[in-house]
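The values are calculated or read from the model by the stated rules, or taken from the named source; none is laboratory data. Remember, predicted model here, so these are calculated numbers, not experimental data. Because the Cβ atoms are built from the backbone with ideal geometry, glycine has one as well, and the counts that use them run over all protein chains shown.
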Amino acid sequence: MKHLLSGKNPKKRIAFTLIELLVAIAIIALLAAILFPVFGRARENARRSSCQSNLKQQALGLLQYIQDYDERFPLMTWQEPTFGGERTGLWRVRIFPYVKSAPIFQCPSNPEPEVPPFFQTTYTNSPSGTLTMARSFSYGINELLVPIDDDPSFVSAPPLQSVSLAQIKAAALLPVLADSQVLTFNNADRLYNANDPSGGNPVNPRFARHFEGSNIAYADGHVKYRLQNTINEDPARTGFGYPFEWKIPLSPEDDRLQ
């Protein structure tokens, strides 16, 4: 009787109206739009740090190799066995005894993480035994420091000589290893467009490996992240010609290293 007199229904349920539900959904969608890019950048930051660690280990392994071989960089030629794998990837075989880890040659931000067996490269009879590495090339070595003998006659005239560490006047400025879809680089295109296997293209953010740039390991062993527009062609150096026209030096003969 008391409820009847008060005009209240004790069984009436309290529920959200359609407008209130739409507002709640809109707020959730707005928060997702704000937070998802933040989470994405955080994940990429972690991958970039892991990539820098990979390059650091490779650079230190390379320096150890150089110390053991009369302070000279490796040399890759047709005259030697290719161990059943890509000849341009022999630098990985050279430094493997010093790093003892195949996964460090795989960048976590590589857009082509090929893992099936037919996408693997196997090097047989190498100093470390049979090595199987991912064929999705993540890193390249400076071909101006680690030359490749392409003489079809199998005899160089004069024979190629590997570069001596003493020839490098400013090791902290000379890239030796870097993000690249090609196992070697002799121009900066393969660095600033690290996800472009063709190379030779102008700066394209779509081909950047980490955000808008790449990780680079230098001849002194340190690793640094560089933006694309700090690596590409330098208009002020157009007249210098190959291989001196980029914003970073690639050759030990570059005037900026003297």
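Quick check on the stretch 209-220: of everything there that is of a type outside the set (D, E, K, R) and surrounded by 19 or more Cβ atoms within 10 Å (Cβ to Cβ), which residue is nearest to residue 67 (Cα to Cα)? Break it down into steps so the answer makes sense when it comes.
In the first step, residues of the stretch 209-220 are kept if they are of a type outside the set (D, E, K, R); the result is 210-211, 213-219.
If we keep only those that are surrounded by 19 or more Cβ atoms within 10 Å (Cβ to Cβ) too, we end up with 210, 213-219.
Working: 210: 32, 213: 31, 214: 27, 215: 24, 216: 21, 217: 18, 218: 16, 219: 13 Å.
By that ranking, first place goes to 219.
Which residues, counting only those in the stretch 187-241, are hydroxyl-bearing (Ser, Thr, Tyr) and either without any contact (Cβ under 8 Å) to a residue 12 or more places away in the chain or farther than 21 Å from residue 58 by Cα (or both)?
Taking the stretch 187-241 as the starting set, the residues that turn out to be hydroxyl-bearing (Ser, Thr, Tyr) are 192, 198, 214, 218, 225, 230, 238.
Matches in the stretch 187-241: 198, 230, 238.
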Picking from 231, 248, the residue that is crowded, with 22+ Cβ neighbours inside 10 Å and within 25 Å of residue 163 (Cα to Cα) would be 231
Review point. Does residue 133 satisfy the criteria of being within 21 Å of residue 53 (Cα to Cα), modelled with pLDDT of 60 or more and in contact with a strand residue (DSSP E or B) (Cβ under 6 Å, 6 or more places away or on another chain)?
Key: yes
Here the residues within the stretch 234-245 that are exposed (fewer than 14 other Cβ atoms within 10 Å of the Cβ) and either of a type in the set (Val, Ile, Thr) or closer than 28 Å to residue 109 by Cα (or both) are 238
- For the stretch 186-208, does any single residue satisfy the condition of being closer than 19 Å to residue 72 by Cβ and loosely packed, with under 15 Cβ neighbours inside 10 Å? no
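From the list 183, 177, which one is under 17 Å from residue 145 (Cβ atoms) and at pLDDT 95 or above?
When all the criteria are applied, what remains is 177.
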Output for Cβ contacts, cut-off 6 Å, separation at least six or different chains, first residue buried (at least 22 other Cβ atoms within 10 Å of the Cβ) in the stretch 44-65, second of a type in the set (S, T, N, Q), reads 51/215; 55/215
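Would you pick out the residues in the stretch 169-181 that are surrounded by 21 or more Cβ atoms within 10 Å (Cβ to Cβ) and either outside any strand (DSSP E or B) or hydroxyl-bearing (Ser, Thr, Tyr) (or both)? Outline the logic, then answer.
Residues of the stretch 169-181 surrounded by 21 or more Cβ atoms within 10 Å (Cβ to Cβ): 174-181.
Result: 174, 180, 181.
Is it the case that residue 124 is of a type in the set (Ser, Thr, Tyr) and modelled with pLDDT of 60 or more?
Working: of a type in the set (Ser, Thr, Tyr): yes; modelled with pLDDT of 60 or more: no.
No: the conditions fail for residue 124.
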- Task: Determine if the stretch 60-67 includes at least one residue that is of a type in the set (Ser, Thr, Tyr), modelled with pLDDT of 80 or more, closer than 18 Å to residue 177 by Cβ and in a helix (DSSP H, G or I).
- Result: yes
Among residues of the stretch 71-97 being modelled with pLDDT of 75 or more and part of a loop (DSSP other than H, G, I, E, B), the residue farthest from residue 61 (Cα to Cα) is 75
